[in-house]
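*Asks:* Sending over a structure as structure tokens; questions will come in a sec.
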Amino acid sequence: MDRRTLLKSALALGLLGPTRLLAGDAATGDAATARSVEELPALQGKLTVYLGRGEGGLYDTLVTAIRKRNPKLDLQVRRGPSASLANTLVAEHQAGVQRADLFWSIDSSSLGLVADQGMTHPLPETIRARIRDPFQYRHWAAVSGRIRSVPYNPRRVSADQLPDDIMAFADSDLKIGWAPAYGAFQSFVTAMRLLEGEQRTRQWLLGVKPHATSYAGEFGVVMAVERGEVDVGFANHYYTLRLKQGMPDASVQLAFTDDDAGCLVNASGVALLSDNPAAVGFVRYLLTREVQEYLATQAFELPMVRGVAMPAGLPPMNRIDPPEVELTRLADLRPTLALMRETGVL
């Protein structure tokens, strides 16, 4: 099934028709926390959403489905890179201008930047209670998650040859693919800087750089791993799972480091910027079972609502040991970008 067919199926089944529980979902014991769109009141009135574009149009598919389900909703969407939209929101706020009711971002660093300016409204407790721990933030709702991973080519390197410490890759002789200009990579380096300190992060960048090849994005990194151009890469987990969905025999597998920035769990999310009732209703739609299952089955992202199963192809989550990082601290990108430029990575 190609990507276009998947998107059409999501419209037909994900939001506009009956849902199905994923395998293992009932075993979680809290499936009742995942509400159906059938339980929600219709949205109406005018609503303006600033949407950080990304994920190959997957989020646009959800916007289209919500529009179709709520014909009385005048939904205006402004699209752009998440970081750019966050800066626009800050500039508008400083100028005393209020245009957006919601900011839906593909990364938590942009949400943190907006929240730090005091622009967000607290989430209702009924919304926060449905989100998995430890992603229950007061000023933005986590919508989906992604794990930093190490995709590798099993024809070039075996799993037992891979370090389980992200810092050890700097001292390895592995050929590595990375995407330094990509936002997810910069958030990963920011997490490393917070966890390991600036000096160790500088040494890591300088150590990896001589045997790394740069790509424009992380799907390109995964494709390069599969082609055998490099041994391993650094990328969000879902790029590998999406590739293998279309190419089941692709020569790429997932590995994870242990309790460090290399297995950081980051999140996309949405922040309330006004007291528009339709804004709260829109957030509730994003946290329904249908949307969360769509993100897990079609985008291979981690569902953030309890009672929805994780995407196929991941090991059990209790085998992954991510570090404890306050995601909103990832908004402090300036020292990271300065470090990456200093080392010649950017």
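The values are calculated or read from the model by the stated rules, or taken from the named source; none is laboratory data. Here the structure is a predicted model, which is why all the values come from computation and not from measurement. So basically every Cβ, Gly included, is an ideal-geometry build from the backbone, and we count neighbours across all protein chains shown.
*Asks:* Limited to segment 186-211, what total is found for residues that are closer than 13 Å to ALA235 by Cβ and at pLDDT 95 or above?
*Replies:* 1
*Asks:* Exactly one of (1) in the same structural domain as LEU40 (by TED's automatic domain parsing); (2) on the phi < 0 side of the Ramachandran plot; (3) surrounded by fewer than 22 Cβ atoms within 10 Å (Cβ to Cβ) is unmet by LEU194. Its number?
*Replies:* All conditions are met except number (1).
*Asks:* Please count how many residues of segment 39-53 are assigned to a strand (DSSP E or B) and among the charged types (D, E, K, R).
*Replies:* Adding up the residues that qualify gives 1.
*Asks:* Let me ask another. Are any of the residues in segment 169-187 of a type in the set (A, V, I, L, M), over 20 Å from the mean Cα position of the chain (by Cα) and under 19 Å from ALA216 (Cα atoms)?
*Replies:* Yes.
*Asks:* Let me ask something else. Mind checking which pairs have a first residue in segment 207-227 that is under 15 Å from ALA170 (Cα atoms) and a second that is assigned to a helix (DSSP H, G or I) and not hydrophobic (A, V, I, L, M, F, W, C), Cβ under 7 Å, 6 or more apart or different chains?
*Replies:* GLY207/ASP171
*Asks:* Please indicate, with yes or no, whether at least one residue in segment 103-123 is in a loop (DSSP other than H, G, I, E, B), among the small types (Gly, Ala, Ser) and over 16 Å from the mean Cα position of the chain (by Cα). Quick ask: steps written out before the conclusion?
*Replies:* Step one: of segment 103-123, the residues in a loop (DSSP other than H, G, I, E, B) are 106-107, 117-120, 122-123.
Imposing the further condition that a residue be among the small types (Gly, Ala, Ser) reduces the set to 118.
Retained after the next criterion (residues that are over 16 Å from the mean Cα position of the chain (by Cα)): 118.
So far as segment 103-123 goes, yes, one or more of its residues are in a loop (DSSP other than H, G, I, E, B), among the small types (Gly, Ala, Ser) and over 16 Å from the mean Cα position of the chain (by Cα).
*Asks:* Among the residues of segment 114-132, how many are surrounded by fewer than 23 Cβ atoms within 10 Å (Cβ to Cβ) and closer than 16 Å to GLY52 by Cα?
*Replies:* 1
*Asks:* For segment 235-242, does any single residue satisfy the condition of being surrounded by fewer than 22 Cβ atoms within 10 Å (Cβ to Cβ), in contact (Cβ under 8 Å) with a residue 40 or more places away in the chain, under 17 Å from TYR182 (Cα atoms) and not basic (Lys, Arg)?
*Replies:* Looking for residues that are surrounded by fewer than 22 Cβ atoms within 10 Å (Cβ to Cβ), in contact (Cβ under 8 Å) with a residue 40 or more places away in the chain, under 17 Å from TYR182 (Cα atoms) and not basic (Lys, Arg), one finds none in segment 235-242, hence no.
*Asks:* While we're looking at this one, here's another question. Could you please find all residues in segment 76-102 being of a type in the set (S, T, N, Q), surrounded by fewer than 24 Cβ atoms within 10 Å (Cβ to Cβ) and part of a helix (DSSP H, G or I)? Explain how you work it out, then say what you get.
*Replies:* Of segment 76-102, the ones of a type in the set (S, T, N, Q) are 76, 82, 84, 87-88, 94, 98.
Narrowing the set further to residues that are surrounded by fewer than 24 Cβ atoms within 10 Å (Cβ to Cβ) leaves 76, 84, 87-88, 94, 98.
The answer is SER84, ASN87, THR88, GLN94.
*Asks:* Take segment 325-339 and flag every residue that is part of a loop (DSSP other than H, G, I, E, B) and either more than 30 Å from GLN199 (Cβ to Cβ) or without any contact (Cβ under 8 Å) to a residue 12 or more places away in the chain (or both).
*Replies:* Correct list: GLU326 only.
*Asks:* For residues that are β-branched (Val, Ile, Thr) and in a strand (DSSP E or B), tally how many sit in segment 229-264.
*Replies:* Let us first name the residues in segment 229-264 that are β-branched (Val, Ile, Thr), namely 230, 232, 240, 252, 257.
Now narrow it down to the ones that are in a strand (DSSP E or B): 232.
Going through segment 229-264 one residue at a time, the tally reaches 1.
*Asks:* The conditions are (1) assigned by TED's automatic domain parsing to the domain that holds VAL114; (2) crowded, with 16+ Cβ neighbours inside 10 Å, and TYR215 fails exactly one of them. Which is it?
*Replies:* (1)
*Asks:* Would segment 302-323 turn up any residue that is closer than 22 Å to SER82 by Cα, part of a helix (DSSP H, G or I) and modelled with pLDDT of 95 or more?
*Replies:* Within segment 302-323, not a single residue is closer than 22 Å to SER82 by Cα, part of a helix (DSSP H, G or I) and modelled with pLDDT of 95 or more.
*Asks:* Then there's this: With respect to the numbered conditions (1) at pLDDT 95 or above; (2) crowded, with 17+ Cβ neighbours inside 10 Å, which one is the sole condition not fulfilled by ARG156?
*Replies:* Of everything listed in (1) at pLDDT 95 or above; (2) crowded, with 17+ Cβ neighbours inside 10 Å, ARG156 misses just condition (2).
*Asks:* Another question, then. Of these, PRO210, PRO151, which one is part of a strand (DSSP E or B), not charged (D, E, K, R) and not assigned by TED's automatic domain parsing to the domain that holds LEU40?
*Replies:* Answer to the check: PRO151.
*Asks:* What are the residue pairs meeting all of these: first residue in segment 120-141, first residue outside the structural domain of LEU89 (by TED's automatic domain parsing), second residue assigned to a loop (DSSP other than H, G, I, E, B), Cβ atoms under 6 Å, and 6 or more apart or on different chains?
*Replies:* Going by the 6 Å Cβ cut-off, there are no qualifying pairs.
*Asks:* Now a separate question. Going through SER251, SER274 one at a time, which residue ends up being in the same structural domain as SER36 (by TED's automatic domain parsing) and either at positive phi or in contact with an Asp or Glu (Cβ under 9 Å, 6 or more places away or on another chain) (or both)? Break it down stepwise before answering.
*Replies:* Numbers: SER251 fails: in the same structural domain as SER36 (by TED's automatic domain parsing).
None of the other options fit; the residue is SER274.
*Asks:* So if I check each of ALA271, ALA181, ALA261, which one is touching a Leu at 6+ places or on another chain (Cβ under 7 Å), surrounded by fewer than 20 Cβ atoms within 10 Å (Cβ to Cβ) and not acidic (Asp, Glu)?
*Replies:* Checking each option against the conditions leaves just ALA181.
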